[in-house]
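*Asks:* Here's a structure for you.
The values are calculated or read from the model by the stated rules, or taken from the named source; none is laboratory data. Just so we're clear, the structure is a prediction, and the values are computed from it rather than from any experiment. We place every Cβ from the backbone using ideal geometry, glycine too, and count neighbours over all the protein chains shown.
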């Protein structure tokens, strides 16, 4: 939060002049439209602020509930909390938000070892306030508590057990310049501006993955640019004073966005986002070596809808140095689904193919070919957090459908291999599975996954998950086992 003062300084200028592996959100009441007319503003769904469904976003600051400033449009007392006026004209107001999630996870053979099953009894408690002071300045703050009990818990991190944490706290200044929507956001914040396998807040965690720093943006009708300078945040376990900015891990760069002509393919909503990023980690670890790493990401993200087809494609090349060794690595994420009907909730069938290069982690010279997954979607390949897109080749057909009103079911069957037999298999944390670098073979695992989300009311939902992770040749030769995973949770959001 060391950059928070920058937004306050910039305020002066602005006042003179917004698959089974994916995060699930509750479908709430519709919110008010953004202040900028759709004809002149960059689409909010592609602006790099996460996904908004019916008004709700994982990042609560990305929501717009100004319609509830009018008491006639409120249905209950909770609606009144979405717009508490600070001035008579309603230009200054506070939006309160909160979430209570109770969850149970059960994992057999945790850490893929033949040991007692693990049970995690988890509670997420979050409260936030979005304070808008006029049209150009706001402050958003969010506190979170993570509770954890159960059996065979091991050593849980601060994102799973935390008495109280400042999950987010930032100031934002925004306005118009040269016909563009411009703004600066400074402080502790979530970051979604990229493909979900590289940058996402990780809703699977009890506390979200957040960063400290500055993000600035400029958005026109058909193009945008976001630049940022952020450090990772390391959660403690106690009160708000032990959740610290990590000076050793710094994430900087720029993401561009272009809206393609909607007449393409007979009508479409497609976007291209080139990105240039740098990750600087003073204590990066590959194999037996811990050293300074400077890793650059040069990539292109294409996504959106063309008729019944939805695509999400990413290619990125990673360059730089690790322990004075050159980095040369590639990733490709190719996902697409096809809608079998006209309605938005019609069944969808799809498949995704993913590749992350590997090699060189256990050598002390030559190129390092292992890819970094940054802080991407850690459940995309396994609900049990057993895989990540490093030294990985993955293919998975999938289907989703709505058997009952308000219930969405998604199923997937995945096949995992490793491209380099002399490198390890890596788990969602980025750590290698011990011993896998010493055995030969390509086939890693097969994974069957099922998820159902029941939207009970606009604010209340229940999610259930099941996964069977079948260890194959590589994991078996490293004496690792298969695992079953069950999870269920009830989430209330307002």
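*Asks:* If I filter region 337-355 for residues that are at pLDDT 95 or above, touching a strand residue (DSSP E or B) at 6+ places or on another chain (Cβ under 6 Å), under 15 Å from residue 420 (Cβ atoms) and in a strand (DSSP E or B), do I get at least one hit? Let's see the steps before the verdict.
*Replies:* Restricting attention to region 337-355, the residues satisfying the condition of being at pLDDT 95 or above are 337-340, 346-355.
Next, from what is left, pick out any that are touching a strand residue (DSSP E or B) at 6+ places or on another chain (Cβ under 6 Å): 337-339, 346-355.
If we keep only those that are under 15 Å from residue 420 (Cβ atoms) too, we end up with 355.
Next cut, in a strand (DSSP E or B) only: 355.
Scanning region 337-355 turns up at least one residue that is at pLDDT 95 or above, touching a strand residue (DSSP E or B) at 6+ places or on another chain (Cβ under 6 Å), under 15 Å from residue 420 (Cβ atoms) and in a strand (DSSP E or B).
*Asks:* Okay, next question. Given the condition at pLDDT below 90 and assigned to a loop (DSSP other than H, G, I, E, B), answer yes or no: does some residue in region 62-72 qualify?
*Replies:* We begin by selecting, within region 62-72, every residue at pLDDT below 90; these are none.
Taking every residue of region 62-72 in turn, none turns out to be at pLDDT below 90 and assigned to a loop (DSSP other than H, G, I, E, B).
*Asks:* Looking only at region 95-110, count how many residues are assigned to a strand (DSSP E or B) and either out of contact with any strand residue (DSSP E or B) (no Cβ under 9 Å at 6 or more places or on another chain) or more than 16 Å from residue 488 (Cβ to Cβ) (or both).
*Replies:* So the first thing to find is which residues in region 95-110 are assigned to a strand (DSSP E or B), and the list is 95-107.
Among the residues that remain, those that are also either out of contact with any strand residue (DSSP E or B) (no Cβ under 9 Å at 6 or more places or on another chain) or more than 16 Å from residue 488 (Cβ to Cβ) (or both) are: 95-99.
Total satisfying the criteria: 5.
*Asks:* Is it the case that residue 384 is surrounded by 21 or more Cβ atoms within 10 Å (Cβ to Cβ), outside any strand (DSSP E or B) and out of contact with any strand residue (DSSP E or B) (no Cβ under 6 Å at 6 or more places or on another chain)? Explain how you work it out, then say what you get.
*Replies:* Numbers: surrounded by 21 or more Cβ atoms within 10 Å (Cβ to Cβ): yes; outside any strand (DSSP E or B): yes; out of contact with any strand residue (DSSP E or B) (no Cβ under 6 Å at 6 or more places or on another chain): no.
So residue 384 does not fit the description; no.
*Asks:* Here is a further query. Just to verify a result, which residue in region 406-431, among those that are within 20 Å of the chain's Cα centre (by Cα) and not in a strand (DSSP E or B), is farthest from residue 452 (Cα to Cα)?
*Replies:* 431
For every residue, the table says whether it meets (1) touching a strand residue (DSSP E or B) at 6+ places or on another chain (Cβ under 9 Å); (2) farther than 30 Å from residue 321 by Cα; (3) not in a strand (DSSP E or B).
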residue: 253; (1), (2), (3): yes, no, no
residue: 265; (1), (2), (3): yes, yes, yes
residue: 269; (1), (2), (3): yes, yes, no
residue: 281; (1), (2), (3): yes, no, no
residue: 285; (1), (2), (3): yes, no, no
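*Asks:* Within region 439-494, which residues are surrounded by fewer than 16 Cβ atoms within 10 Å (Cβ to Cβ) and at positive phi?
*Replies:* 479
*Asks:* Moving on to the next point. Collect the residues in region 432-483 that are out of contact with any strand residue (DSSP E or B) (no Cβ under 9 Å at 6 or more places or on another chain) and assigned to a helix (DSSP H, G or I), keeping them in residue-number order.
*Replies:* Listed by number, the residues that qualify are 437, 438, 476, 477.
*Asks:* State which residue pairs qualify: first residue farther than 29 Å from residue 437 by Cα and inside region 455-474, second residue assigned to a helix (DSSP H, G or I) in any location, beta carbons under 9 Å apart, and separation of 6 or more residues or different chains.
*Replies:* 459/78
*Asks:* Separate question: Looking at region 144-165 only, could you name the residues that are in a strand (DSSP E or B) and surrounded by fewer than 20 Cβ atoms within 10 Å (Cβ to Cβ)? Don't jump to the end; show me each part of the working.
*Replies:* Our first condition is that a residue be in a strand (DSSP E or B); within region 144-165, this holds for 144-151, 162-165.
Hits for region 144-165 are 145, 147, 148, 149, 150, 151, 163, 164.
*Asks:* Condition test on residue 135, is it out of contact with any strand residue (DSSP E or B) (no Cβ under 6 Å at 6 or more places or on another chain) and over 14 Å from residue 493 (Cα atoms)?
*Replies:* Details: out of contact with any strand residue (DSSP E or B) (no Cβ under 6 Å at 6 or more places or on another chain): yes; over 14 Å from residue 493 (Cα atoms): yes.
Yes, satisfied.
*Asks:* Which residues, counting only those in region 131-168, are over 21 Å from the mean Cα position of the chain (by Cα) and more than 30 Å from residue 104 (Cβ to Cβ)?
*Replies:* Within region 131-168, 131, 132, 133, 134, 135, 136, 137, 138, 139 meet the criteria.
*Asks:* With the structure loaded, tell me whether residue 209 is assigned to a strand (DSSP E or B) and modelled with pLDDT of 95 or more or whether it fails that test. If you could, list the steps in order and put the result at the bottom.
*Replies:* Working: assigned to a strand (DSSP E or B): no; modelled with pLDDT of 95 or more: yes.
Taking the combined requirement at face value, the residue does not satisfy it.
*Asks:* Hey, another quick one. For region 169-206, what are the residues that are surrounded by 22 or more Cβ atoms within 10 Å (Cβ to Cβ), over 12 Å from the mean Cα position of the chain (by Cα) and not in a strand (DSSP E or B)?
*Replies:* 206 - this is the single residue of region 169-206 that is surrounded by 22 or more Cβ atoms within 10 Å (Cβ to Cβ), over 12 Å from the mean Cα position of the chain (by Cα) and not in a strand (DSSP E or B).
*Asks:* Against the conditions (1) surrounded by fewer than 22 Cβ atoms within 10 Å (Cβ to Cβ); (2) over 29 Å from residue 394 (Cβ atoms); (3) under 18 Å from the mean Cα position of the chain (by Cα), where does residue 238 fall short? Just the number, please.
*Replies:* With (1) surrounded by fewer than 22 Cβ atoms within 10 Å (Cβ to Cβ); (2) over 29 Å from residue 394 (Cβ atoms); (3) under 18 Å from the mean Cα position of the chain (by Cα) applied to residue 238, the lone miss is (3).
*Asks:* Provide a single number: the residues in region 111-120 that are within 26 Å of the chain's Cα centre (by Cα) and either in a strand (DSSP E or B) or surrounded by fewer than 20 Cβ atoms within 10 Å (Cβ to Cβ) (or both). Can you show your working first?
*Replies:* Step one: list which residues in region 111-120 are within 26 Å of the chain's Cα centre (by Cα), which gives 111-112, 118-120.
If we keep only those that are either in a strand (DSSP E or B) or surrounded by fewer than 20 Cβ atoms within 10 Å (Cβ to Cβ) (or both) too, we end up with 111, 118-120.
Final tally of qualifying residues: 4.
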